[in-house]
Amino acid sequence: MEKNDRNTRLIIRGTDAPFMNALRRTVLAGVPCMAIDEVVIIENSSVLRDEIIAHRLGLIPLKTDLDGYNLPEECPCKSEFGCNLCRVSLALDAEAKEGTRTVYSGELISENPDIVPVSDKIPIVKLVKEQKLKLEAYARLGKGKKHAKWQPVSMCTYKYFPQIKIDDKRCDACGKCVEICPRKVLVKDGNGIEVRDLMACTLCQDCVDVCPQNPPAIDVSWDENAFIFNLESTGALPPKRTMTEAIKILDKQLKEFGRQIKVKKSAKS
Ligand code: SF4
Ligand code: SF4
Ligand SMILES: [Zn+2]
């Protein structure tokens, strides 16, 4: 329904709510992305403590190259410090020479030009004259289930696909349902009511409750096997890559689950 470099809105049919929830949770907690995980502070004379600066750096979304790096726990180096295949270093050397100034994410210099902050305009700290911040940061791949900084999305939701029926014979076009709808789904059209934007419906039922007819001339329900899926990327990964990775991970987990059930069944018999 909608696709750009940050957002994707899809209609997914022929499935059920448990599967949609598993997909949503895999996107949030299972798809890896890069985030700063370790910071060596060389000099910090700002008002913020080292730990707060490290936390802020961790939450800066970084563009991620999933094919070029290994998760630290899967990297052949087996080193706690990491190697070029599981770690990227970024340096920051900022000083307020003239007067008060803000240090932004764009001042982080990465050893890999592909692994850089998604935005140059994220404030890290304000420095007053003669204050300095010098540090080296190490980014690694990680998963949202360990820390939210590794979530590749800022939003991932789904809702049932709405169905709205208006009984033209009993509807007197009083317009009460049009007025009350918070999402402007309905519109008055001559002597009747039309659905203008079905996808915007949140299934709140306000239009049904306000209808003076008994039973109401409008009916709002949903398709149990069709969903509208919304994904908003932090910019770490393109939405399409996030979806395909999530599907791959879920597929692998379901196959493993199936295999374990078979093993248990054969052990019983
Ligand atoms: S259920 Fe709520 S959102 Fe949907 S059409 Fe009715 S009032 Fe609008
Ligand atoms: S509130 Fe009921 S009767 Fe009035 S326009 Fe809407 S559906 Fe028709
Ligand atoms: Zn490594």
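Coordinate-derived values only; no laboratory data. Keep in mind the model is a prediction, meaning the values are calculated, not measured. Don't worry about glycine lacking a Cβ; one is built from the backbone with ideal geometry, like all the others, and counts go over all protein chains shown.
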For this session: Using every Cα-Cα pair within the range 33-150, state what percent have a distance larger than 24 Å.
Result: 25
Exercise. What number, rounded to the nearest 500 deg cm²/dmol, is the helix-based mean residue ellipticity at 222 nm of the chain, given -39500 (n - 2.57) per DSSP H run of at least four residues and division by all its residues?
Worked result: -7000 deg cm²/dmol
Seminar exercise, completed: Proxy exposure order for Ser105, Ser45, Ser89 (fewest C-beta within 10 Å first) is Ser45, Ser89, Ser105
Exercise. Tally Lys/Arg at +1 and Asp/Glu at -1 over every other residue whose Cβ is under 11 Å from the Cβ of Thr157; what's the total?
Worked result: +2
Seminar exercise, completed: Whole-Å distance linking the alpha carbon centroid of the range 213-269 with that of the range 6-20 is 7
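Grab the alpha carbons of the chain, take their convex hull, and tell me the volume per residue in Å³. Can you show the working numbers first?
Working: hull volume 55.6 nm³, N = 269.
So the per-residue hull volume is 207 Å³.
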Exercise. Cα centroid distance between the range 112-175 and the range 32-105, in Å?
Worked result: 19
Exercise. If you line up the Cα atoms of the range 122-269 on their principal axes, what length do they span on each, largest first, in Å?
Worked result: 75, 69, 23
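Within the chain, which is the longest segment that contains none of the trypsin sites (Lys or Arg not before Pro) sitting in a DSSP loop with at most 12 other Cβ atoms within 10 Å?
On the way: sites that count: Arg49, Lys78, Lys97, Lys121, Lys129, Lys146, Lys169, Lys184.
Maximal segment without exposed cleavage sites: 185-269.
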Exercise. How high is the relative contact order of the range 72-143, given as a whole-number percent (alpha carbon pairs under 8 Å, six or more residues apart)?
Worked result: 40
Problem set entry | Within the chain, longest stretch clear of exposed GluC sites (Glu not before Pro) (DSSP loop, no more than 15 other Cβ within 10 Å) | 131-269
Exercise. If you build a Gaussian network model of the chain, linking Cα atoms that sit under 10 Å apart, which residue out of Val27, Val88, Val220 swings the most?
Worked result: Val220
Seminar exercise, completed: Listed residues Ala226, Ala148, Ala96; largest mean-square fluctuation, Gaussian network over the chain with Cα springs below 10 Å, found at Ala96
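Work out which helices of the chain, taken as complete DSSP H runs, extend at least 27 Å along their axis over the Cα atoms and score a mean Kyte-Doolittle of -1.0 or more, then list them. Display every interim value, and only then the final one.
Values: long enough: 239-268 (43 Å, -0.94).
Span-like helices, by this rule, are 239-268.
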